[in-house]
Amino acid sequence: MKAENIDPKGKLEKESKEKLVKLLVQNRNSLVQKEMQLNNLKAEISSIHNSKTWKLWLVYRSIKNFILNPLNYIPIYRINRQNLVYRNAEIETWEKKLPLVSVVIPCFNYGHFLENCIESLKRQTLNRLEIIVVDDGSTNPETKKVLKKIEKQGVLVIYQENNGVSVARNIGINEARGKYVCCIDPDDYFEPTYLEKCLWLLETNLNIGFAFSWAKLFDGSDEVWKTIDFDIGSALGINTTSVSAVMRKSAWMEVGGYKSNISYEDWELWISLGEVGWGGKVIEEPLFLYRIHNESKTSEDIKRHSETMTQIRELHKELYRSHGRLKLRKVPKQWPQPSQFNLDAISKDIYPKKIAVFVPWVVRGGADKVLLDILRELKKKDFEFVIFTTLLEKSDWISKYSEITKEVFDLHNFLDPAYWELFCMNYLTKNKISKIVISQSRWSYSFAAMFKEVNPKTKVLDIIKNGSIHGHSDLSKLFDHVINQTVVPSDIVSKEIVSNGVLEEQVKIINDGINLEEFKPPKEIDILNSKINLGFTPESKIITFLGRFSDEKDPLLFLSIAKLFSKNHEIKFVLVGEGPLHNILKRKIKNAKLTNVLLLPFRENVSPILNATDILVNTSKIEGVPLTLMEALAQNVPAIAPNVGGVSSLLPKEFIVFERNAEAFYYKILEILERKPENKLLREIAVKKADIKNTAIEFAKLLNED
């Protein structure tokens, strides 16, 4: 081979890889317009479908309400969909020196709530924000004192005679300099991401005039009001929009603002906006906190319901007479381009320990629990986090992550995928974030490449749980010039991904862990009570499966093992979890008449189940280092598993099943039940290899490195 053909240090391969990554990014961007058109079509189809579903539910509810209480009957108004079109806002660039959102707080003798409300606004992730307080003729000395105090702190306070909340809101909005406005009562709050999410929803959807979220009730109730997208037909009979929706100021001006001589003034405003063609969209998260009072304006409004509805019908005669079938002019839907966006300002603060964490979702699962515990421990070391989720999935652990950070962005919830890169780029830039952690989120690799191209000093950590394609080692290899460190839970997984092409010098082994305080060895009385609570006798031997009911976890193999013990009435089998195979498992248990098997739903606290367990069985086809094995060992419960992933890095050889079939598991279970291993040694393994505090220490070292 000629010397000039030699590729020094893989330079050509690296350049080819970088070109391939750039080509992938370019191809992805070229599909943006088509993706936007497709999403637009999907949104319209979904809107129509949901609207019909909603109306059927309303019909049922209205009939029921009418039968129970005819006086509270709410009529249903059917809309001729062919006459409804999208109304589009003008694309305009807002001056950078002006606020993007102005928040108006009308206040009458509510000074004891006001400062907390303002604090919730100051905690908003949105920087370009203006706060306006309108004093509606307060007579309370405490309120007057608070108003003077916040005025000295730079909050704009407008004083007027007592004219009511509608006039106060209109005066405040009239003075507002923001492109968008919203009103909040002084006894209510916003979660920190509320205004940011509403702003982006409005900036990327020119056809809507207002955006809002679910409402979390408090101080008298803990319910969540799950509002829906605004629909003019539904709005004529029932209000589904929260009072603190963020709206375009231009739309508010177009309809003349709030009516001053009517209750339900916010409801009437939404109808007015809908009447001239504006839509409204909801963010399906409880970001607006609404206080419940025994006696409040809302309760007074309800008492005047019939009178108020008569007024609303009179104000919108034509709309009610035609049941919403108005001739609205056709306006083609527009998609704003990135160059036309009004982006938030760069923060004055610097966050050297703020980390952007990208995950596919925030759901209940082993890998998610480990990450959650790592972030909890890192928070104790003064790290801060912002969480981004990138898959359309029910994120049922948002509340868990919200205990660590209020900056949780479920991107599908408020933003079209075509704008994700722009949003994340702006958010990380304005907060001066230079460290990214990717945990099983495929979308995030190309974003990290784009962000690092603009910000070369950015540090990227990639967390991989197993060496299969499910662990995303293919992307770790493809983007190895972007990733600073690939973190794996065991030496076995390290060897697997290196054999797949990931650079060996890039790989860092950090053992996963659990909170050992949550999983302690049970006392004899705890074991006895746990078995009885499950419906078993104290003498029963309990074999347990904990995990997701999915193909890679293979709970069907666990069922095959249980069949082999069907004639042994002393040994019982328990499956605990949820997932796509749940109904199949239920059917097979019933058809095979497996009376020795108990199927239980997922539960966050599995410690009582482990108290009753004699052997924990893992049957996975693919694994990293299973969390459930750590939890079992911590409670001195023997655990067996096949030799997959990083299992051998945790379990002693005598607890590993080297042939993954029912018969091999059958004999291993019998062997352990007969041998009765010394359980105290199991806890020692967990303390040495599975303490989450040690895991967090190693992550902190990586994140603190320059």
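Looking at the structure I just gave you, is ALA632 touching a residue at least 12 places away in the same chain (Cβ under 8 Å), of a type outside the set (Val, Ile, Thr) and crowded, with 24+ Cβ neighbours inside 10 Å? Steps first, answer last, please.
Working: touching a residue at least 12 places away in the same chain (Cβ under 8 Å): yes; of a type outside the set (Val, Ile, Thr): yes; crowded, with 24+ Cβ neighbours inside 10 Å: yes.
So ALA632 fits the description; yes.
Could you please find all residues in the stretch 592-606 being assigned to a loop (DSSP other than H, G, I, E, B) and touching a strand residue (DSSP E or B) at 6+ places or on another chain (Cβ under 7 Å)?
Going residue by residue through the stretch 592-606, those that are assigned to a loop (DSSP other than H, G, I, E, B) are 592-596, 602-606.
Across the stretch 592-606, the qualifying residues are ASN596, PHE602, ARG603, VAL606.
Take the residues in the stretch 662-696 that are free of Cβ contacts under 8 Å to residues at least 12 places away in the same chain and of a type outside the set (D, E, K, R); name whichever of them is most open to solvent (accessible area, probe 1.4 Å). Please lay out each step first, then the result.
As a first pass, look at the stretch 662-696 and keep what is free of Cβ contacts under 8 Å to residues at least 12 places away in the same chain: 664, 667, 670-671, 674-676, 678, 681, 684, 688.
Pick out the ones that are also of a type outside the set (D, E, K, R) and you get 664, 667, 670, 681.
On the way: ALA664: 27, TYR667: 147, LEU670: 60, LEU681: 86 Å².
Step by step, filter the stretch 662-696, then rank; the result is TYR667.
Residues of the stretch 113-131 being open to solvent by 40 Å² or more (accessible area, probe 1.4 Å) and at pLDDT 95 or above, which ones? Don't jump to the end; show me each part of the working.
Pass one, the stretch 113-131, residues open to solvent by 40 Å² or more (accessible area, probe 1.4 Å): 115-116, 119, 122-123, 127, 129.
Matches in the stretch 113-131: GLU115, ASN116, GLU119, LYS122, ARG123, LEU129.
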- Among the strands (runs of 3 or more DSSP E) lying completely within the stretch 349-437, list those that include at least 1 residues that are open to solvent by 40 Å² or more (accessible area, probe 1.4 Å) and at negative phi. 384-389
- Message: Consider the stretch 132-158. How many of its residues are buried (at least 21 other Cβ atoms within 10 Å of the Cβ) and under 21 Å from ALA345 (Cα atoms)?
- Response: 1
- Item | Options LYS457, LYS452: the member that is in contact with a Ser or Thr (Cβ under 8 Å, 6 or more places away or on another chain), buried (at least 20 other Cβ atoms within 10 Å of the Cβ), of a type outside the set (Asp, Glu) and without any contact (Cβ under 8 Å) to a residue 40 or more places away in the chain | LYS452
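Give me the residue from the stretch 600-612 that is open to solvent by less than 40 Å² (accessible area, probe 1.4 Å) and out of contact with any helix residue (DSSP H, G or I) (no Cβ under 7 Å at 6 or more places or on another chain) and, out of that set, farthest from LYS523 (Cα to Cα). Full working, then the answer.
Quick first cut of the stretch 600-612, residues open to solvent by less than 40 Å² (accessible area, probe 1.4 Å) only: 600, 606-607, 609-612.
Applying the additional criterion that residues be out of contact with any helix residue (DSSP H, G or I) (no Cβ under 7 Å at 6 or more places or on another chain) yields 600, 607, 609.
Values: LEU600: 24, SER607: 12, ILE609: 14 Å.
If we take residues in the stretch 600-612 being open to solvent by less than 40 Å² (accessible area, probe 1.4 Å) and out of contact with any helix residue (DSSP H, G or I) (no Cβ under 7 Å at 6 or more places or on another chain), then LEU600 is farthest from LYS523 (Cα to Cα).
Among the residues of the stretch 479-486, is any more than 18 Å from LEU702 (Cβ to Cβ), in contact with a helix residue (DSSP H, G or I) (Cβ under 7 Å, 6 or more places away or on another chain) and surrounded by fewer than 22 Cβ atoms within 10 Å (Cβ to Cβ)?
Going residue by residue through the stretch 479-486, those that are more than 18 Å from LEU702 (Cβ to Cβ) are 481.
Of the ones still in play, those that are also in contact with a helix residue (DSSP H, G or I) (Cβ under 7 Å, 6 or more places away or on another chain) are 481.
Retained after the next criterion (residues that are surrounded by fewer than 22 Cβ atoms within 10 Å (Cβ to Cβ)): 481.
Yes, that holds for at least one residue.
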- Yes or no: ALA612 within 36 Å of the chain's Cα centre (by Cα) and within 20 Å of ILE492 (Cβ to Cβ)? no
- Query: Just a yes or no: is a residue in the stretch 611-618 touching a residue at least 60 places away in the same chain (Cβ under 8 Å), over 20 Å from PHE665 (Cβ atoms) and acidic (Asp, Glu)?
  - Reply: no
- Task: Would you point out the residue of the stretch 500-509, among those that are in contact (Cβ under 8 Å) with a residue 24 or more places away in the chain and not in a loop (DSSP other than H, G, I, E, B), that is nearest to SER649 (Cα to Cα)?
- Result: LYS508
- Query: Which residue pairs have Cβ atoms closer than 7 Å, lie 6 or more positions apart in sequence or on different chains, and pair a first residue in the stretch 510-523 that is among the acidic types (Asp, Glu) with a second residue that is outside any loop (DSSP other than H, G, I, E, B)?
  - Reply: ASP512/VAL370; ASP512/LEU627; ASP512/THR695; GLU518/SER607
- Task: Give me a count of the residues in the stretch 473-487 that are touching a residue at least 60 places away in the same chain (Cβ under 8 Å) and either touching a strand residue (DSSP E or B) at 6+ places or on another chain (Cβ under 6 Å) or assigned to a loop (DSSP other than H, G, I, E, B) (or both).
- Result: 6
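The values are calculated or read from the model by the stated rules, or taken from the named source; none is laboratory data. Since the structure is predicted, the reported quantities are computational estimates derived from the model, not experimental observations. Cβ sites come from the backbone with ideal geometry, for glycine too, and all protein chains shown count toward neighbours. For accessibility, only protein heavy atoms count, side chains too; no ligands or nucleic acids. Shrake-Rupley method; radii C 1.70, N 1.55, O 1.52, S 1.80 Å.
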